[in-house]
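Some notes on the structure that comes next.
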Ligand SMILES: [Cu+2]
């Protein structure tokens with residue numbers, strides 16, 4: 001009789017071990033899947049953009065980098081965008097100095113369709129644009145990630161002189 005108990009016990013013990021291993025495996029697979037789907041979220045949003053978000057008419061925004069009086073400021077220096085909308089950001093530099101439109105964190109949270117400047121079209125990730133005196137550029141993008149981002153001109157001394165701004169992307 002005892003041997004039967006022993007066998008049953010062994011069987012149950014082994015069964016519970018393999019059950020535990022199975023559970024562990026399932027949770028590992030689950031967390032891996034969650035991890036992968038999280039990593040895949042941004043490209044998935046971008047892929048979504050190509051079908052739906054990119055078809056919506058672009059909202060035009062014009063920003064001047066400095067002005068004819070060479071004042072070190074963006075005009076306007078406060079931009080308000082809405083996540084999931086398509087934008088055409090028109091940049092121009094009416095001054096006699098070169099300036100930068102630098103907004104790295106903002107650029108990380110958008111999906112750039114293209115940047116167009118003097119018959120050249122640039123595609124891919126863009127974080128900063130340099131505009132020489134009299135230059136114009138057009139940045140087409142879809143804003144994705146809500147947040148409050150800082151904008152600045154990265155020419156030495158310009159940020160310090162107040163050539164800064166903020167870009168608010170709301171939900
Ligand atoms: Cu500047």
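The values are calculated or read from the model by the stated rules, or taken from the named source; none is laboratory data. A quick note: this is a predicted structure, and the numbers were derived from the prediction, not measured. As a convention, Cβ positions derive from the backbone with ideal geometry for all residues, glycine included, and neighbour counts pool all protein chains shown.
Results, tabulated for the structure shown:
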| quantity | calculated |
| --- | --- |
| Residue selected from the stretch 60-87 under the condition surrounded by 14 or more Cβ atoms within 10 Å (Cβ to Cβ), over 16 Å from the mean Cα position of the chain (by Cα) and not in a loop (DSSP other than H, G, I, E, B), by the criterion nearest to the ligand (Cβ to nearest atom) | 65 |
| Qualifying residue in the stretch 111-127 (condition: assigned to a strand (DSSP E or B), closer than 16 Å to residue 92 by Cα and within 16 Å of the ligand (Cβ to nearest atom)) | no |
| Residues of the stretch 153-170 classified as buried (at least 20 other Cβ atoms within 10 Å of the Cβ) and either within 11 Å of the ligand (Cβ to nearest atom) or not in a strand (DSSP E or B) (or both), total | 3 |
| Test: residue in the stretch 41-54 that is touching a strand residue (DSSP E or B) at 6+ places or on another chain (Cβ under 7 Å) and modelled with pLDDT of 60 or more | yes |
| Residue 101 being free of Cβ contacts under 8 Å to residues at least 60 places away in the same chain and surrounded by 15 or more Cβ atoms within 10 Å (Cβ to Cβ) | yes |
